[in-house]
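Note sheet for the following structure.
The values are calculated or read from the model by the stated rules, or taken from the named source; none is laboratory data. This is a predicted model, so every value here is computed, not measured. Glycine gets a Cβ as well: all are built from the backbone with ideal geometry, and neighbour counts include every protein chain shown. These accessible areas exclude ligands, DNA and RNA; they are computed on the full protein's heavy atoms, side chains included. Shrake-Rupley method; radii C 1.70, N 1.55, O 1.52, S 1.80 Å.
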Amino acid sequence: MYKKMVNTFLCFFLLFFCHSISASILFVPYKDFTMNTDWDSQSNSAQPEDLSTFAKRSGVSHFTLAFVMAPNDKTCQPTWGGMSQYSVAKLWGRASIDNLRKIGGDVTISFGGANNVDLSVACRDVNSLKQAYFNVMQTYNTQKLDFDIEGALLQNDAAITRMAQALAVL
């Protein structure tokens, strides 16, 4: 009986929650932010595809951008796709996100992924991991985060514990 009551409550909660959100943002697809880069002759570097152009073309204005991770298991530095040249510290992709927001879109930043090194592995203590997450949030002006925990990370209890602790104090 108790289980049935909980399930009923959850169904009503989800119906209310989904009903109160605009239908235009219920679909928030993943976009690999490092795919389809464009060469920027001003910065002399590859930049992500302009999200506002993609949004206008597709009709989708909210994205989960994948994946922020470390460049290796010893460097606690947030990068896109684990590539140092796509460093968060270098504001990589910030202009694309800003352009998307100018037309009413927004992003969720996703950490992790099946490949490369998760920040929770490279950042060896809670404070450095918390700071890495904070830097990403501040750089891209967001509080919307997603964590894709899979692969070898599933077996790394210390890294998952560090992640939870860092998020708790964030």
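Working carefully through the options Gly104, Gly82, find the one that is in contact (Cβ under 8 Å) with a residue 40 or more places away in the chain and in a loop (DSSP other than H, G, I, E, B). Residue meeting the stated conditions: Gly104. The set of residues from segment 126-135 being closer than 18 Å to Leu154 by Cβ and open to solvent by 40 Å² or more (accessible area, probe 1.4 Å) is empty. Here Gly82 clears all of (1) more than 21 Å from Met35 (Cα to Cα); (2) open to solvent by 10 Å² or more (accessible area, probe 1.4 Å); (3) not acidic (Asp, Glu) except the condition numbered (1). Scanning segment 48-79 for residues that are over 16 Å from Ala132 (Cβ atoms), open to solvent by less than 50 Å² (accessible area, probe 1.4 Å) and either aromatic (Phe, Trp, Tyr) or more than 15 Å from the chain's Cα centre (by Cα) (or both) returns Glu49, Asp50, Ser52, Ala55, Val60, Ser61, Phe63.
Taking (1) more than 22 Å from Ala55 (Cβ to Cβ); (2) open to solvent by 10 Å² or more (accessible area, probe 1.4 Å) in turn, Cys123 satisfies each apart from (2).
Looking across segment 108-144, just one residue is hydrophobic (A, V, I, L, M, F, W, C) and at pLDDT below 95, and that is Ala114. For beta carbons closer than 7 Å, sequence separation of 6+ or different chains, a first residue in segment 122-147 that is assigned to a helix (DSSP H, G or I) and a second that is of a type in the set (D, E, K, R), the qualifying pairs are Ala122/Asp73; Ala122/Lys74; Val126/Arg162; Leu129/Arg162; Thr139/Arg94. The residue that is farthest from the chain's Cα centre (by Cα), counting only those in segment 136-159 that are among the aliphatic types (A, V, I, L, M) and open to solvent by 50 Å² or more (accessible area, probe 1.4 Å), is Ala158.
Scanning for something touching an Asp or Glu at 6+ places or on another chain (Cβ under 9 Å) and modelled with pLDDT under 95, does segment 6-27 turn up at least one residue? Checked against the condition, which is being touching an Asp or Glu at 6+ places or on another chain (Cβ under 9 Å) and modelled with pLDDT under 95, segment 6-27 yields at least one hit. Checking each residue in segment 78-113 for being of a type in the set (A, V, I, L, M, F, W, C), in contact with a Leu (Cβ under 9 Å, 6 or more places away or on another chain) and more than 28 Å from Gly59 (Cβ to Cβ) picks out no residue at all.
Does Ser96 satisfy being part of a strand (DSSP E or B), closer than 20 Å to Pro29 by Cβ and of a type in the set (S, T, N, Q)? Against the criterion (part of a strand (DSSP E or B), closer than 20 Å to Pro29 by Cβ and of a type in the set (S, T, N, Q)), Ser96 does not qualify.
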